[in-house]
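A.B. asks: I'd like to ask you about the structure that follows.
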Amino acid sequence: MKQKHFNVVAAGVLLALSLVSEVAQAAGVLTIGRREDSTTFDPIRSAQNADNWVFSNVFDPLVRVDNTGTQLLPGLAESWTISPDGKTYTLKMRDAKFSDGTPVTASDAVFSLTRIRDDAGSLWKDSYSIIDTLKAPDAHTLVITLKTPSAAFLSQLALPNASVISQQALTRQGADDFAEHPVGSGAFSVKEWTRGEKVELVKNPYYWDAAKVKLDGVEWLTLPDDNTRMLKVQAGEIDAALSIPFSRISSLQKDPKLAVELDTSTREDHLLINHSHGDLGKVEVRQALDFAIDKKAIIDTVTFGYGKIANSYIPDGALYHYAGNLQRPYDPEKARQLLAAAGVKNLTLKYLVNAGDEVDEQIAVLLQQQLAKAGITANLQKVDPSQSWDMLVAGDYDISVMYWTNDILDPDQKTTFTLGHDSNMNYMTRYHNDKVKALVAAARVEMDPKKREQMYIDLQKMAKADVNWIDLYYSPYRNVTRKNIKDFHQNPLGRFTLEETVKE
């Protein structure tokens, strides 16, 4: 009897300890509500923020960007030297391991950079085609030789998509399986990815700086509806919510249980235009669209003054931003005149809108009304955010508001991807200008800062003249957390430094 009683008590104690343990473990898991789901865990096959922000938790690049978004820091490479001719980079790699416990070697870096340069599925081939040779004379030495000096190259090594992945794991699993079950060397590893619902990360015990990581794990929850995300963070059902609607910032700031983070960003919202669709291929028509849009009205009525009118694809405050770039005024009559001169009547456009995105939907209604004043009909097609990217890639749209945040310090990345990039159709616009493309390539390798700055000024002017897309506004990152979450920030390039985040 007593023995049995002791066993029951012991079992109860063990159960209680187990529950306490589970609660303690859960307390160390950060839950983040975001609009978009991940699309892949193969770094070279994505250019989406939703992927890159998680890549930065799971993978480690050779070089990192600091929290201010202004300086390069060691990543998997502890140090590096550049030859006097600017063509050879020798990087010394730290002792690190992948999440499966195998060592990270210079050969893995050779494999990863060769893959982003040469793989047919790489969206970043153009940016890394400047690499001539890659060698690993030993496990901790990586030697990269460029075809020509490049002012942008060191910054390119900090791109999340150029992170070092395990050659052994990818070869063993195959690219498709690796894209679902990746092996990286970052602060966290992927426990499970339930498409459309969540990505579960757990602390990587093999991470080279694991002692710094306070969280036990991170859950990235897919919650496309803005209102749902805000309600859940207010109710304490999640720890953080991304992309606060501008209209909710003020009220959330008044909630004593919440902390609103308005971090400096490189975000630019713009109207994508599909140049391959009929009259949109005419520059006069694209210029008409620009004249027909009242950007100040967007700032006032949609961003509640938190935004700033954009005049260039290079964001305000970023390297080589041209403050004096052309800014077409709101002039619906001028838009009508341009359409008439181009012989275009009754222009009707398919406007792709992300459903559940309050800001996107508000802008869509506003632009629809503004375009109508210039005689342009915009038919709104609301789709789930998980569908919109594929539709843009397929060219199944005429116009659509999207946004971009820089991933590296140098303007080459965004410039290449939006003006001189064949692999991704210049960010799905199908824009093409041979002179612009040639200048993009030349600017990448120009080593004279003054000459290079002028090249990027010229590119900003040319992009605006061609209306590759329509610049709308710049704005800060807008996130909210519960007050018990500390050190939850995005740097200007979008990276969440979750290895520093604490859940009290």
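None of the figures in this text is laboratory data; all of them are computed from the coordinates on show. Bear in mind the structure is a predicted one, so any value in this text is a computation, not a measurement. A quick note on method: Cβ atoms are made from the backbone with ideal geometry, for glycine too, and the neighbour counts reach across all protein chains shown.
A.B. asks: Tally the DSSP beta bridges in the chain and give the antiparallel ones as a percent, rounded to 5.
C.D. replies: On the way: 56 of 73 bridges.
The antiparallel proportion sits near 75 percent.
A.B. asks: Kirkwood hydrodynamic radius for the chain: how many Å is it when counted over pairs of different Cα atoms?
C.D. replies: Working: mean 1/r = 0.0414 Å⁻¹.
One over the average 1/r among Cα pairs gives 24.2 Å for the chain.
A.B. asks: Within 10 Å of each candidate Cβ there may be at most 15 other Cβ atoms; applying that plus a DSSP loop requirement, which GluC sites (Glu not before Pro) in region 141-224 survive?
C.D. replies: On the way: sites: 180, 192, 197, 200, 219; in loops: 180, 197.
Hits after loop and neighbour filter: 180, 197.
A.B. asks: Further, regarding this structure: Fully extended, how many nm does the chain gain between residue 145 and residue 264 (0.36 nm per residue separation, minus their Cα-Cα distance)?
C.D. replies: Numbers: separation 119, 0.36 × 119 = 42.84 nm, distance 3.48 nm.
Separation in residues times 0.36 nm, less the Cα-Cα distance, equals 39.4 nm.
A.B. asks: Testing the spin-label approximation: label points 7 Å from Cα along Cα→Cβ at residue 453 and residue 377. State their distance in nm.
C.D. replies: 5.0
A.B. asks: Can you work out D for region 172-230 in µm² s⁻¹ from Stokes-Einstein, where Rh is the Kirkwood radius over C-alpha pairs, the temperature is 20 °C and the viscosity is 1.002 mPa s? Don't skip to the answer; put the middle values down first.
C.D. replies: Working: Rh = 13.0 Å.
The calculation lands on 165 µm²/s.
A.B. asks: Using the basic label-point model (7 angstrom from Cα toward the beta carbon), what is the residue 283 to residue 331 distance in nanometres?
C.D. replies: My value for the distance between the label points is 1.7 nm.
A.B. asks: In nm, to one decimal, how far is the residue 235 label point from the residue 253 one, both placed 7 Å along Cα→Cβ?
C.D. replies: Those two pseudo-labels are separated by 2.7 nm.
A.B. asks: Using mean Cβ contacts within 10 Å as the protection proxy, how do 130-139, 461-470 order, highest first? Walk me through the numbers on the way to the answer.
C.D. replies: On the way: 130-139: 14.8, 461-470: 20.5.
The densest-packed peptide leads the list: 461-470, 130-139.
A.B. asks: With the cut-off at 32 Å, tell me which of the pairs 125/295; 382/435; 345/461; 296/486; 135/437; 87/414 have Cα atoms farther apart than that. If you can, show how the numbers build up before the last one.
C.D. replies: Working: 125/295 34 Å; 382/435 36 Å; 345/461 28 Å; 296/486 35 Å; 135/437 30 Å; 87/414 23 Å.
Flagged as over cut-off: 125/295; 382/435; 296/486.
A.B. asks: Gain in length, residue 483 to residue 394, computed as 0.36 nm per residue apart minus the alpha-carbon separation, to one decimal in nm? If you can, show how the numbers build up before the last one.
C.D. replies: On the way: separation 89, 0.36 × 89 = 32.04 nm, distance 4.24 nm.
So the extension gain works out to 27.8 nm.
A.B. asks: Related question: Could you tell me the extents of region 300-416's C-alpha atoms along the three principal axes, largest first, rounded to whole Å?
C.D. replies: For region 300-416, the Cα extents along the three principal axes come out at 43, 36, 31 Å.
A.B. asks: Would you mind giving the average projected area, over all directions, of the Cα convex hull of region 101-166 in nm² with one decimal? Write down the numbers at each step before the final one.
C.D. replies: Working: hull surface 18.6 nm².
Computed as one quarter of the Cα hull surface, the answer is 4.7 nm².
A.B. asks: With θ set to phi - 60° and the Karplus curve 6.51 cos²θ - 1.76 cosθ + 1.60, what are the ³J(HN,Hα) couplings of region 61-71 in order, to the nearest whole Hz, using x for Gly and Pro?
C.D. replies: x, 5, 10, 10, 10, 6, 5, 7, x, 10, 9
A.B. asks: Counting C-alpha atoms alone, how compact is region 266-365: give Rg to one decimal and Dmax as a whole number, in angstrom.
C.D. replies: Using the Cα atoms of region 266-365, the pair Rg, Dmax is 14.7, 41 Å.
A.B. asks: Please list the non-local residues whose amide H lies under 5 Å from the amide H of residue 93, H modeled 1.01 Å from N, same-chain partners needing a gap of 5 or more.
C.D. replies: Here the answer is 78, 141, 142, since their amide H atoms fall under 5 Å of that of residue 93.
A.B. asks: Out of the DSSP beta bridges found with both residues in region 267-474, what percent are antiparallel (nearest 5)?
C.D. replies: Working: 12 of 21 bridges.
The antiparallel fraction comes to roughly 55 percent.
A.B. asks: Let's see if you can work this out: charge +1 on each Lys and Arg Cβ, -1 on each Asp and Glu Cβ, no other charges. What is the dipole magnitude of region 267-474 about its Cα centre, in debye to the nearest 20? Let's see the in-between values first.
C.D. replies: Working: 23 positive and 29 negative charges, 135 e Å.
Computed about the Cα centre, the dipole is about 640 debye.
A.B. asks: In percent, how large is the relative contact order of the chain, given Cα pairs closer than 8 Å and 6 or more residues apart? Present the calculation step by step, with values, prior to reporting the outcome.
C.D. replies: Working: 1035 pairs, mean separation 105.8, N = 504.
Answer for the chain is 21 percent.
A.B. asks: OK, next. Place a +1 charge on the Cβ of each Lys and Arg in the chain and a -1 charge on the Cβ of each Asp and Glu, then give the dipole magnitude about the Cα centre in debye, rounded to the nearest 20.
C.D. replies: Details: 56 positive and 66 negative charges, 107 e Å.
Computed about the Cα centre, the dipole is about 520 debye.
A.B. asks: Multiplying the sequence separation of residue 442 and residue 102 by 0.36 nm and subtracting their Cα-Cα distance, what value in nm do you get?
C.D. replies: Numbers: separation 340, 0.36 × 340 = 122.40 nm, distance 4.03 nm.
So the extension gain works out to 118.4 nm.
A.B. asks: Using the Kirkwood radius over Cα pairs, work out the Stokes-Einstein diffusion coefficient for region 163-303 at 25 °C and 0.890 mPa s, in µm²/s as a whole number. Before the final figure, lay out the partial values.
C.D. replies: Numbers: Rh = 19.7 Å.
This corresponds to a translational diffusion coefficient of 124 µm²/s.
A.B. asks: Now, a different point. Return the equivalent ellipsoid semi-axes of region 267-474 as a descending list in whole Å, where each equals the square root of 5 times an eigenvalue of the C-alpha gyration tensor.
C.D. replies: Numbers: eigenvalues 139, 69, 62 Å².
Semi-axes (√(5λ), whole Å): 26, 19, 18.
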